[in-house]
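K.L.:
For reference, the structure I am asking about is given below.
Each reported figure results from applying straightforward, stated rules to the coordinates on display, with no laboratory input. Everything numeric here is computed off the predicted structure, so don't read it as measured data. In this analysis, Cβ positions are derived from the backbone assuming ideal geometry, glycine residues included, and neighbour counts consider all displayed protein chains.
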Amino acid sequence: MNDQQVYRRRRRLSAFAPFLAAVVEIVVFVLVAQWIGLGWAILLMIGSSLAGLWLMRRAGFRAWRSLRAAASDVGLGGDGHAQDQTGITTGQAREERIADAGVTLLAGTVLLLPGFVSDAIALLLMTPPVRKKAGRRLAAAALRTFPVAGPRRSGYRSAGPDVIEGEVVGDAETNDPPRRDDTSG
């Protein structure tokens, strides 16, 4: 099977996946409703959606704080990572915190979806080993989608502000600004 066939097959499966997920969620909901009762099943689903809202709010604020902290760091090392006062690179820890907040936000989003299977997936995303692995994959996907510009990618390192060489021409004795010889006025 060549790459084009694999791509077409994945595309067909990805178009079919939401329908399949909805069918699985409905079947599981009916089974749970038969087991614990319809009212309790609905309350459990509403409760999980509220938990998803809380989780998204918490993770969203944490992700925003991590992004602001990453953007406000001034002391960048040669590899583009920030360094603390001891010179230890802290960029890796910051990237892990951002990825962790992103996975928590993803888990909150999945928890918002109605259904018990999506709730189980969200809870699985919240376990530390799965969250760490998913965070790495999420960060890699984000870097593929939104490539980082600057020192890490281009290889160009700026040592400071841009300097434009030139010469100022004016009267050195009186510090007058340069005058235009304009006789048309």
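K.L.:
Stretched out fully, how many nm does the piece from Ala15 to Leu31 gain, at 0.36 nm a residue minus the Cα gap?
P.N.:
Roughly 3.1 nm would be gained on extension.
K.L.:
Using a simple spin-label model with points 7 Å from Cα along the Cα→Cβ vector, what separation in nm is obtained for Trp40 and Val23?
P.N.:
2.9 nm
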